[in-house]
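Derivation of every value follows stated rules applied to the coordinates shown; laboratory data play no part. Keep in mind that this is a model prediction, so the values were computed, not measured. Note that each Cβ is placed from the backbone with ideal geometry, even for glycine, and that neighbours are counted across all protein chains shown.
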Ligand code: ADP
């Protein structure tokens, strides 16, 4: 499906909110945030302020009463009462209730606020009420102003007109009385405080909040526009680049700008673009390589077959051998391709078994006997032990075979290939060394890729498809083996891999 078609289809399937531009979404989020903030502010500062205030005052009154009750027999109780009186704005009275008459034993200094005076008759009624409710009561009583001006106020009809707005309009008196008994006798402790309504504070806050609301909305919109354009600009730019990439323009460059995530995305896209470009190049090379590699043996086969058909006496075993060899090459190439695609799709079931790796290498060496005798190659195998490993014997032989094949293909003038088996602790390391032209540092990272060839023109006695090392890599990865290569230009290369050794039997000698 074409990129533009995909985009259209996808954007159609996205609905409502998800189709909105980032800017609109951000404004929405900021407004929502401001809205929630304001709701909380209104709730706590306006609606519940009175209740919170009352709650705190009641708690303060109760704890002060308990504290005095605990210390009522202490010598400096009058000082404590005075400090609670001045510190908390509470009037305090302590009565001795053991005597027949209620006798006042401590009292805080007289207050200007007469509503806080504790009269003996009031104390007596608090005492009775406290007795009934288990020794402690908290009461909320109407203040004088409330009785005077409040709804249905007792004295209201005596005066004409609308009563003035009073600061202490709906103020209430909060009383806490506690009976406390101890070794000396029984006491009544009474504390009174005024709950001043916070109406004027609330009015002030309300006006402030209206201004804050207006400011917040304006700031939210301005801020959202600013932030969104800062965020969305690099995203839009990256998106344009990504569209270019989708159009197979792999030379597009993504600028790392904006926030960390977008910078990382740009960097990832740059890597993706370069990878795609490499893959694209490799794909082109593959077609060139494969067609070349297929054409060469095919030409040979058809050429030799025609010669044998048309020219009498040319139907020799040597010519037939060429046809057979070339057919084998073709078949190997196709097998390699199939193997690699299976390995890369990860659907090769590994046939894990314990086998002697050393023997396996020796077997591979026997295949090169002809090469050694006819082309003067020197193949050495250095090993001190017989080592058993557990793995897929067939696949691992393929790895060793591919590495030796490459070493022969790219061997230097000395035509020497050395295979070393090194046992270290419970690990066995196989090294395949040649003294050929080596591999450039820049090419080293690519040689494990499919179809990669350093020297595109290089053709050797043994056919190379550019797949050998890729197969090696995939098999070793499936075995979770470590592998790598050391190479120096002009000096040669050493390819190696390491496997867990399951058994090691020592023997001195080399093949
Ligand atoms: P090929 O079939 O072309 O050898 P490989 O995947 O086996 O494909 O190797 C990839 C490339 O790595 C080769 O084309 C070659 O350029 C380089 N290479 C592999 N082995 C050696 C080696 N021993 N010495 C030098 N270059 C090598």
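Gyration tensor over the Cα atoms of the stretch 349-510: the corresponding equivalent ellipsoid has semi-axes (square roots of 5 times the eigenvalues, largest first) of 25, 19, 14 Å. Put in line by how crowded their Cβ is, counting other Cβ atoms within 10 Å and starting with the fewest, 433, 75, 498, 314 read 75, 314, 498, 433.
Ranking of 136, 342, 260 by neighbouring Cβ atoms within 10 Å, starting from the fewest: 260, 342, 136. Give the shape of the chain as rounded, prolate or oblate, defined through the alpha-carbon gyration tensor: a ≥ b ≥ c are the square roots of its eigenvalues, a/c under 1.5 means rounded, and otherwise the shape is prolate if a/b is larger than b/c and oblate if not. Note, shape of the chain comes out prolate.
For the chain, the longest principal axis of the alpha carbon atoms and the long axis of helix 49-70 meet at an angle near 70°. Classified by the C-alpha gyration tensor, the stretch 260-339 has a prolate form. Its axis ratio a/c, with a ≥ b ≥ c, is 1.5 or above, and a/b is larger than b/c. Helix 120-132 and the longest principal axis of the C-alpha atoms of the chain enclose an angle of approximately 50°.
Here the simple spin-label model places points 7 Å from the Cα toward Cβ, and for residue 121 and residue 503 these points are separated by 11.3 nm.
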